[in-house]
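As structure tokens, the structure follows; a few thoughts come after it.
The values are calculated or read from the model by the stated rules, or taken from the named source; none is laboratory data. The structure displayed is predicted, hence computed values, not measured ones. Glycine gets a Cβ as well: all are built from the backbone with ideal geometry, and neighbour counts include every protein chain shown. The protein model used for the area step is the full one, side chains on, heavy atoms only, and it has no ligands, DNA or RNA in it. Shrake-Rupley method; radii C 1.70, N 1.55, O 1.52, S 1.80 Å.
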Amino acid sequence: MDVIEITWWSLAGTSLLVLGLAVCTHLARMGVSRDLLIAAVRTVIQLALIGLVLETLFAFAALQWVVLMGVAMVLIAGREVMARQNRRLTGGWAFGIGTVSMFLSSFTVAAFALTVVIGPEPWYTPQYSIPLLGMMLGNTMTGIALGLDRLTDTAWQQRQVIEGRLMLGQSWSTAIGDIRRDAMRTGMIPTINAMAAAGVVSLPGMMTGQILAGTPPALAVKYQILVMFLITVGTGFGTVASVLIGARRLFDDRERLRLDRLSLPRKGA
């Protein structure tokens, strides 16, 4: 079945709906109209550029270019993780923790899926590796950002409780244990909810895209199940690792709470 072509004029018509939403949010004084319009413009520009990059990448299909693309995606995702936190760790730790956690979890799980489950030849075939890694990073990025944001914000709000526990002789790990667990749970909840609602409340994006492209629904379902399991594993391990490292960073070698290692909250937060 041929895919129906969508013209740029059709997309321009759709953009009017976004503009209408921005006007409504402005009239309601919600304070998000500017961010909404900027995000819409970024979406068009970024996706148009990545379309050109992917066409070139698919044409060459060389390992070094695939790796370079993957590294660039991880670094950009690490920047987004840092930007989404209200109180972030200073000294490059906010960027470093998010980036390393995503690299270890997303790259490992994606490599496993490509070499063991899907098995394209070669294993780094861009048609499979880049979309899979992109979905992994997008969801893992959200989980890590939510987890770290919850960790640092709650630690700041409950600093007296934590210090009181330390004065009673508890270790740093015990003193912040419940906050750490809550942060991990916060980072994983969106992914768990997405799995629970898949096929009942919503049709996931990858499955919908494949069906629109003419893929048999049964095969699209298999790919979607695979991707959702991989995303869940990558997000879970990435969130756990980032929160563990972030929680340790909040204490020094003498197990003192070091909230001076957190930046001031973002303006407007």
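Neighbours of Gly187, meaning other residues whose beta-carbon lies under 12 angstrom from its beta-carbon, give a summed charge of +3 when Lys and Arg score +1 and Asp and Glu score -1.
Note on the chain: with a GNM built from Cα contacts shorter than 10 Å, the maximum mean-square fluctuation among Arg256, Arg180, Arg87 falls on Arg256. Backbone phi angles across the stretch 143-158, fed through the Karplus curve with coefficients 6.51, -1.76 and 1.60 (θ = phi - 60°), yield HN-Hα couplings of x, 5, 4, 5, x, 5, 5, 5, 4, 5, 5, 5, 4, 5, 5, 10 Hz in residue order; Gly and Pro are listed as x.
Cα centroid separation, the stretch 210-229 to the stretch 22-40: 35 Å. Ranking Thr108, Thr215 from most to least accessible surface, computed with a 1.4 Å probe over the protein chains only, gives Thr108, Thr215. The stretch 156-179 and the stretch 58-82 have their alpha-carbon centroids 39 Å apart.
The phi torsions of the stretch 255-263, fed into the Karplus equation with coefficients 6.51, -1.76 and 1.60 and a -60° offset, translate into couplings of 6, 9, 5, 10, 6, 5, 7, 9, 7 Hz, rounded to whole numbers, with Gly and Pro shown as x.
Name the residue from Ile192, Ala59, Met30 whose Cα lies farthest towards the positive end of the charge dipole of the chain, charges +1 on Cβ of Lys and Arg and -1 on Cβ of Asp and Glu. About the Cα centre, the residue reaching furthest to the positive side is Met30. Spacing of the modelled spin labels on Gln64 and Ala83, each 7 Å from Cα toward Cβ, amounts to 3.0 nm.
Here the Debye sum runs over all C-alpha atoms of the stretch 213-269 as equal scatterers in vacuum, and log10 of I(q)/I(0) at q = 0.14, 0.25, 0.26, 0.30 Å⁻¹ comes out as -0.65, -0.98, -0.99, -1.07.
The Cβ shell under 13 Å around Leu137 holds other residues with a net charge of 0, Lys and Arg each +1, Asp and Glu each -1. Short-range pairs are left out: with C-alpha atoms under 8 Å and at least six residues apart, the relative contact order of the chain is 25 percent. Of Ile6, Ile211, the order by accessible heavy-atom surface (1.4 Å probe, DNA, RNA and ligands excluded), from most exposed downward, is Ile6, Ile211.
Karplus-derived 3J(HN,Hα) values for the stretch 117-134, using 6.51 cos²θ - 1.76 cosθ + 1.60 with θ = phi - 60°, are 8, 7, x, x, 10, x, 5, 8, 3, x, 4, 9, 5, 5, x, 5, 5, x Hz; glycine and proline are entered as x. Between Thr154, Thr56, Thr99, the residue with the greatest mean-square fluctuation in the GNM of the chain (Cα pairs under 10 Å linked by springs) is Thr56. For Phe251, the residues whose amide H sits under 5 Å from its own are Arg258, ignoring neighbours fewer than 5 places away on the same chain, with H placed 1.01 Å from N. Using a probe of 1.4 Å on the protein chains alone, the accessible area found for Asp260 is around 100 Å².
Taking the longest Cα principal axis of the chain as reference, the axis of helix 177-197 is set at about 20 degrees. Using only side-chain charges placed at the Cβ, +1 for Lys and Arg and -1 for Asp and Glu, the dipole size of the chain relative to its Cα centre rounds to 1040 debye. Summing charges over all other residues whose Cβ lies under 15 Å from the Cβ of Asp252, with Lys and Arg as +1 and Asp and Glu as -1, gives +3. Compute the Cα gyration tensor for the chain, then decide on rounded, prolate or oblate, letting a ≥ b ≥ c be the square roots of its eigenvalues: rounded whenever a/c is under 1.5, prolate when a/b is larger than b/c in the other cases, and oblate in all that remain. It comes out prolate by the Cα gyration axes. If you run the Gaussian network model on the chain, springs between alpha carbon atoms under 10 Å, then out of Leu27, Leu257, Leu114 the most flexible one is Leu27.
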